[in-house]
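One structure below.
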Amino acid sequence: MGTSETDTAEWYSEDAATFGDRVVAAREALSMTQTELAKRLGVRLETVKDWEDDVSEPRSNKLQTLAGVLNVSIMWLLNGHGDGLEGPGDEAAIPGEVRTILGEIRAVRADMVRLGNRLGLLEKRLRGALKEHG
């Protein structure tokens, strides 16, 4: 099963990939390890892992540096548009069932991030309420 031009053009688009997916793809395209990337950016290894796992995103100054180190545009990292990686060739075509599973994994990951953010806000509200009553 080959990929169509549309599949290839949108492989790293906002709908098909997360910020973390694009960071991983760009890093791996340069044959760079997470440790090497962390050292080049002056951040901890855990920070790079969190970015790639979509647990967090870099601040604007680090985002600019990250894009430069990975040789992609900031816009491509954020939303898959602009100068970045092309996408897989026909030899790397993904079967429909695998594509479906990957889509479900991305959806679960997005839900986890959303719920993590919600939990953080609830904890902040709880701390505030405890201060008022303490």
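Spacing of the modelled spin labels on R125 and D53, each 7 Å from Cα toward Cβ, amounts to 2.6 nm.
For K49, the lysines whose Cα falls under 30 Å of its own Cα, not counting residues fewer than eight places away in the same chain, are K39, K62, K124.
No value in this document is a laboratory result; all are computed from the given coordinates. Predicted, not measured: the structure shown is a model, and the values here were computed from it. Every residue, glycine among them, receives a Cβ derived from its backbone with ideal geometry; neighbour counts consider all protein chains shown.
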